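The values are calculated or read from the model by the stated rules, or taken from the named source; none is laboratory data. Keep in mind that this is a model prediction, so the values were computed, not measured. As a convention, Cβ positions derive from the backbone with ideal geometry for all residues, glycine included, and neighbour counts pool all protein chains shown. We work out accessible area using only protein heavy atoms, side chains counted, and drop any ligands, DNA or RNA first. Shrake-Rupley method; radii C 1.70, N 1.55, O 1.52, S 1.80 Å.
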Amino acid sequence: MARISVFGIGYVGVVSAACLARDGHDVIAVDVDPGKIEQINAGMSPIVENGLDPLIADAVKAGKLVATDDVQRAIDNTDASFIAVGTPSAPDGSVGLKYVEVVCESIGRALKNKDGFHSVVIRSTIVPGSCEGTCIPVLERESGKTAGVDFGMGYYPEFLRESTAIEDYYDPGLIVFGALDDGTAKILTELNEGLGCKIHVVDLRTAEMVKYCSNTWRAVKVTYANEIGNIAKACGLDGQTVMEILTSDTKAIISPYFMRPGFAFGGSCLPKDVRALRHLAREKGVPSYLLDATLEANEAQIQRAQKMVQDSGAQKVGFVGISFKPGTDDLRESPLATLASRLIANGIEVDIYDPYVHEAYANENSMAGRGNDVIPDLKDRMVADLDRLIDGSGAVLVGNFYGDAVEKLEKAAAERPVLDLTRMSRKMVSNGTYEGICW
Ligand SMILES: NC(=O)c1ccc[n+]([C@@H]2O[C@H](COP(=O)([O-])OP(=O)(O)OC[C@H]3O[C@@H](n4cnc5c(N)ncnc54)[C@H](O)[C@@H]3O)[C@@H](O)[C@H]2O)c1
């Protein structure tokens, strides 16, 4: 069993403190608010949350949970501290770190006086880089010690939902944490073992980013459902029924599909159908902010790729893939075709390797190049041999993933600019010569 101090007896802090104590850990809750300290020590919950009152009453009675404002006592009598103070928005929308900074200062001062190893784990929601840019420097300055060596450091976001917080604690949908050192990783792993949920151990900044993606994704889902509800109502339909049916598709809709950062969407369905639903909404006098933004953001991703080519300085670009996705020769609304046509219009030479489109031409298929209405002389630009394409190009643009092309493209990336829109290999990240669109 661990000994843990929880700084900040707000929503997150009090739920974690109570659940940790119920699991048999020794918990010291720390706050600057004397009213909350008094309530906890009296066995009462300072907030209204399903099932929390008996947890706190039992834990305090059993001597497993105590509250104090004495930081040194909390640090001396525990092995790890969880920081769960508020991070309200600053007036410009940036994350407010003032409470996190103050609590790091006080923990840092207490760490200075402690001989044993102690882990500091941030649970507050903080933007990527905050642990490294704010928390660690403050803790090191105040303690005179080094993070990851003299004291442990972790970032362990909380995903609970108010009103079902205790249920969420014991049946989490996601567990992720970043740790600078093995000691902190061990404590966090032990606390989460047995919850029946995969534990993702990553670096501090990735864990910080996952927390924001979780909350912003929830917000996008709500907004999407509302927008669909508004359009559905204007059409005399029940939006909740529509969304219930939609979300029953766990293969394509509620799934990792279409959730992989990379290039723009295209093809014969998605762009035209987003446009059509948006048009229908307009006809009905209903705003469609998210559908509008979707088309705008998709166009911006094509422009981002165009800038990557321009920044490479190449006057001749070899495209690996031109169809709207691998495995097909369909070019209808392929964003790669749009990109190629814009480059050509700007005087950049474009050659293309695409085994599927090539096959259609080689077989003299009457539909060869089907759907292309933007690239001039498509057939003449096709190059059957990948080596020849690579050798003849100032930069290679990887638009579609072809498994048997990866080895050659990886080698090419050592010699010339390779601009990757699809992530041909998870090992590769932008390094100067190789440039990934989102990695
Ligand atoms: N509320 C949620 O459902 C939820 C869920 C997941 C994550 N989060 C994140 O967790 C963090 C905490 O959120 P919350 O809603 O629990 O906050 P809250 O505002 O309810 O509580 C913060 C607590 O910290 C205390 N505090 C402030 N300065 C302190 C200090 N120097 N030392 C000790 N205690 C101090 C305050 O008195 C208060 O009790 C935020 O970053 C939030 O974004 C919240």
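Any residue that is near the ligand (Cβ under 10 Å from one of its atoms) and either under 27 Å from the mean Cα position of the chain (by Cα) or not assigned by TED's automatic domain parsing to the domain that holds T125 (or both) - is there at least one of those in region 30-52? No, that holds for no residue. Note on region 111-124: among residues that are open to solvent by less than 40 Å² (accessible area, probe 1.4 Å) and touching a strand residue (DSSP E or B) at 6+ places or on another chain (Cβ under 8 Å), the one that is nearest to V95 (Cα to Cα) is S124. Figure legend. Inter-residue proximity from region 140-157: first residues open to solvent by 10 Å² or more (accessible area, probe 1.4 Å), second residues of a type in the set (D, E, K, R), beta-carbon distance below 7 Å, spacing 6+ or different chains. Indicated pairs: E142/E105; E142/R109; E142/K112; G144/K112; T146/E140; A147/E140; G148/D181; Y156/R123.
For A232, the test of being at pLDDT 95 or above, in contact with a Gly (Cβ under 6 Å, 6 or more places away or on another chain), within 16 Å of the ligand (Cβ to nearest atom) and not β-branched (V, I, T) is failed.
A quick yes/no check of all residues on (1) touching a residue at least 12 places away in the same chain (Cβ under 8 Å); (2) buried (at least 16 other Cβ atoms within 10 Å of the Cβ):
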position: L195; (1), (2): yes, no
position: H200; (1), (2): yes, no
position: E208; (1), (2): yes, yes
position: V222; (1), (2): no, no
position: N226; (1), (2): no, no
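Restricting to region 56-73, give me the number of residues that are of a type outside the set (G, A, S), buried (at least 16 other Cβ atoms within 10 Å of the Cβ) and away from the ligand (no atom under 14 Å from the Cβ). The number of residues fulfilling the criteria is 5. If a residue must be surrounded by 18 or more Cβ atoms within 10 Å (Cβ to Cβ) and either in contact (Cβ under 8 Å) with a residue 24 or more places away in the chain or among the polar types (S, T, N, Q) (or both), how many such residues does region 389-439 contain? Residues in region 389-439 being surrounded by 18 or more Cβ atoms within 10 Å (Cβ to Cβ) and either in contact (Cβ under 8 Å) with a residue 24 or more places away in the chain or among the polar types (S, T, N, Q) (or both): 21 in total. Scanning region 4-29 for residues that are among the charged types (D, E, K, R) and either within 13 Å of the ligand (Cβ to nearest atom) or assigned to a helix (DSSP H, G or I) (or both) turns up just one, R22.
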